[in-house]
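Since every read-out is calculated from the coordinates, none of them should be taken as a lab result. It should be emphasised that the depicted structure is a prediction, and the values quoted were computed from it without experimental measurement. Here the Cβ positions follow ideal geometry from the backbone for every residue, glycine too, while neighbour counts run over all protein chains shown.
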Amino acid sequence: MRFLRRFAEPYRTIIEFALVIFCVALVWQTFWFSMSMLLRTNHPLVIVAIDMSPWYITSMTPTLTAGDILVMEGVDPSTLKASTPMHQDGDVIVFKHPYQSHQEWSWWQLKMVEEPDLIVHRVVAKWISGNSTYLRTKGDHNLSEDPYTISGDQVVGRWTGIKIPLIGLIFLAVQDATGKIVVLILLALMLFYEVYSSTKRPDNKPK
């Protein structure tokens, strides 16, 4: 019986490890869904990406820095405020880039899907034509406006003014191919250590 228990121990460790990962993923998905419902947007949290060099300079410097996690809220595009002349007081929004996209994994569809890149810029002009709202945007650090006009249905949300500085750099790192490999290696090492430790634990149960 001792041999059977010792043989089954590594598999129990693997199952426990998998359950921990599953529970963490479930908690995260529940948190994300709750935030989405509360803030009325599918993207309640957005990370400011590294888009310039050096890395800490972004198109939204000095307002935002790469790695800042922004708390977003759903918004009616027609109510957005545009900057006034000589002042950067327009709403900061996140919108879907009209031309650029990327591949990402969809947990709902269980496959890679094409998703438009998300841009964080400030509204500098707005006009309404019929039932549609159109916007011009600009990064606070940029000298000129973005070379395109976006429609209201491309707007993901408006920045609430709340941000968590720099923490998003961790998530940006794991989005990179090298970062993913490092995370997988660390998880594999953790699992190996747990399995190895379980086989070395003394069996204190009575014979």
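Below is a table of values for the structure above.
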read-out: Helix-only CD estimate at 222 nm, as mean residue ellipticity for the chain, using -39500 (n - 2.57) per DSSP H run (n ≥ 4); value: -12000 deg cm²/dmol
read-out: Nearest 10 degrees, 0 to 90: helix 177-200 Cα axis against the chain principal axis; value: 20 degrees
read-out: Tilt relative to the chain, helix 2-39 - C-alpha long axis, 0 to 90 degrees, to 10; value: 20 degrees
read-out: Per residue convex hull volume, Cα atoms of the chain, in Å³; value: 164 Å³
read-out: For the chain, with +1 on Lys and Arg beta carbons and -1 on Asp and Glu, the positive-most of Ala49, Val24, Leu118 along the dipole; value: Val24
read-out: Listed pairs Lys126/Lys163; Lys111/Lys163; Lys81/Lys163 exceeding 29 Å between Cα atoms; value: Lys111/Lys163
read-out: Cα-centred dipole magnitude for the chain, charges only on beta-carbon of K, R (+1) and D, E (-1), debye, nearest 20; value: 1180 debye
